[in-house]
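One structure is given here, and the rest of the page talks about it.
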């Protein structure tokens with residue numbers, strides 16, 4: 001029987017600075033590439049920035065980048081990093 005692997009994301013830590021910038025550290029699994037990863041983004045103005053979610057700089061597959069961005073934005077918008 002074939003087991004389907006899925007992208008995963010687990011937040012390790014986060015911190016919000018006095019300038020309203022939120023840094024988020026996380027680990028995960030890229031199901032397309034079949035490898036684990038770790039990374040960090042910063043939220044400025046409600047948007048995540050960092051090489052790991054940048055389409056031209058990331059080592060992740062495009063599907064995983066989309067997954068990571070969506071998961072982090074959902075968590076941010078739900079107030080999980082407050």
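Is at least one residue of the stretch 54-70 under 13 Å from residue 81 (Cα atoms) and exposed (fewer than 13 other Cβ atoms within 10 Å of the Cβ)? Steps first, please.
We begin by selecting, within the stretch 54-70, every residue under 13 Å from residue 81 (Cα atoms); these are none.
Checked the stretch 54-70: no residue is under 13 Å from residue 81 (Cα atoms) and exposed (fewer than 13 other Cβ atoms within 10 Å of the Cβ).
Tally up the residues in the stretch 37-66 that are touching a strand residue (DSSP E or B) at 6+ places or on another chain (Cβ under 7 Å) and assigned to a helix (DSSP H, G or I), please.
3
Of the residues that sit in the stretch 13-36 and are part of a strand (DSSP E or B) and touching a residue at least 24 places away in the same chain (Cβ under 8 Å), which one is surrounded by the fewest Cβ atoms within 10 Å (Cβ to Cβ)?
Narrowing the stretch 13-36 to residues part of a strand (DSSP E or B): 13-16, 22-30, 35-36.
The next check asks that each one be touching a residue at least 24 places away in the same chain (Cβ under 8 Å); those that pass are 14, 16, 22, 24, 26, 28-30.
Details: 14: 19, 16: 13, 22: 17, 24: 22, 26: 21, 28: 21, 29: 16, 30: 21.
Within the stretch 13-36, the match that is surrounded by the fewest Cβ atoms within 10 Å (Cβ to Cβ) is 16.
So which residues in the stretch 37-46 are under 15 Å from residue 75 (Cβ atoms), touching a helix residue (DSSP H, G or I) at 6+ places or on another chain (Cβ under 8 Å) and surrounded by 13 or more Cβ atoms within 10 Å (Cβ to Cβ), if there are any at all?
Listed by number, the residues that qualify are 39, 40, 41, 43.
Bear in mind these aren't lab numbers, they're just calculated from the coordinates by the rules spelled out. These numbers were taken from a predicted model, which means no experiment stands behind them. Glycine also receives a Cβ, built like all others from the backbone with ideal geometry; neighbour counts cover every protein chain displayed.
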